[in-house]
1. Take the stretch 228-242 and flag every residue that is under 12 Å from the mean Cα position of the chain (by Cα) and either modelled with pLDDT under 95 or in a helix (DSSP H, G or I) (or both).
2. Taking the condition surrounded by fewer than 21 Cβ atoms within 10 Å (Cβ to Cβ) and either under 27 Å from residue 106 (Cβ atoms) or assigned by TED's automatic domain parsing to the domain that holds residue 111 (or both), does residue 259 pass?
3. Applying the selection to the stretch 243-256, what residues are assigned to a helix (DSSP H, G or I) and without any contact (Cβ under 8 Å) to a residue 24 or more places away in the chain?
4. Please verify whether residue 273 is at pLDDT 95 or above, surrounded by fewer than 24 Cβ atoms within 10 Å (Cβ to Cβ), closer than 30 Å to residue 155 by Cα and within 16 Å of the ligand (Cβ to nearest atom), treating the condition exactly as stated.
5. Would you mind listing the helices (runs of 4 or more DSSP H) fully within the stretch 152-227 where at least 3 residues are within 15 Å of the ligand (Cβ to nearest atom) and in the same structural domain as residue 240 (by TED's automatic domain parsing)?
6. Filter the stretch 85-101 for residues that are in contact with a helix residue (DSSP H, G or I) (Cβ under 9 Å, 6 or more places away or on another chain) and either more than 16 Å from the ligand (Cβ to nearest atom) or within 26 Å of residue 304 (Cα to Cα) (or both) and give the result.
Ligand code: GUN
């Protein structure tokens, strides 16, 4: 009898090894809730296009424009000094390796800016460019080389990757101590848990909080709304604001009344990637607005035939928000400054 039961169990086990993660979950779970990954539908936003109600005269106020370029420059000056000190003390400089796959124009621009920023601050940089149709094995070979190179302290894979590549598998290859993007689940988990300190916090959320602090915005106890829940920005942003003692709500494509939820917020971080999603009417008068969006929209009057637009209707937010980051010149330069910071930290950890 026992033998038969064992045999049946073994057959279930051997079947389980051929099942999908979802099927295994259903087999073993007592709960009725589905596996979380099966809930991850694509984010389809339906932005409102109705005109916002007019802003009453009483609520018109002066809006501080938070200059991310100036703040990032201050930080970069400090990095230059630190890199010089490190060179004098241990004869080494921090090193960053960037992996770029394919020819996406946005990604090429972001990567070029990261490499230039390294050059300008004395950080060594190496760029590995791979063709759009490269294999996972080719990328993993490059990452293994960077992981083992002692002159490289930070490694990043520019996202998004082409569709045919397994992003999770590739990002998991980056050594924890060199994951300056802070994308590894261990870093993200440590960010989520009180009493834990991640080795790296993702660059854009870290830059946003730095902007708030340097602009004199108190975070503790404030209602913060993060619009968007991407792994790169929205999720770590929510976690980080919570670590700073804000009361955090996340608004996403399935949220019932995003406008209403956003209007409750003292701090709004817009990271949905939808140009002009957040109208003036979404904002509580006096709210602080951090706009992470950068979307090129056609504009023949501009030099390159396009201009960059944020997630927030900038013109409408002026006079309602107490402070706002512009696009461009707000969050973007801070993301790069934080990448340099993380690379410097990584180098310091092993050099001193
Ligand atoms: N793509 C857009 N933002 C980022 C970022 O911060 N890091 C990486 N690796 N890719 C990105």
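1. 234, 235, 236, 237, 238, 239, 240
2. no
3. Selection gives nothing.
4. Spelling it out, residue 273 is indeed at pLDDT 95 or above, surrounded by fewer than 24 Cβ atoms within 10 Å (Cβ to Cβ), closer than 30 Å to residue 155 by Cα and within 16 Å of the ligand (Cβ to nearest atom).
5. 203-214
6. Residues satisfying the conditions are 86, 89, 90, 92, 93, 94, 95, 100, 101.
The values are calculated or read from the model by the stated rules, or taken from the named source; none is laboratory data. None of these values were measured; they are calculated from a predicted model. Glycine also receives a Cβ, built like all others from the backbone with ideal geometry; neighbour counts cover every protein chain displayed.
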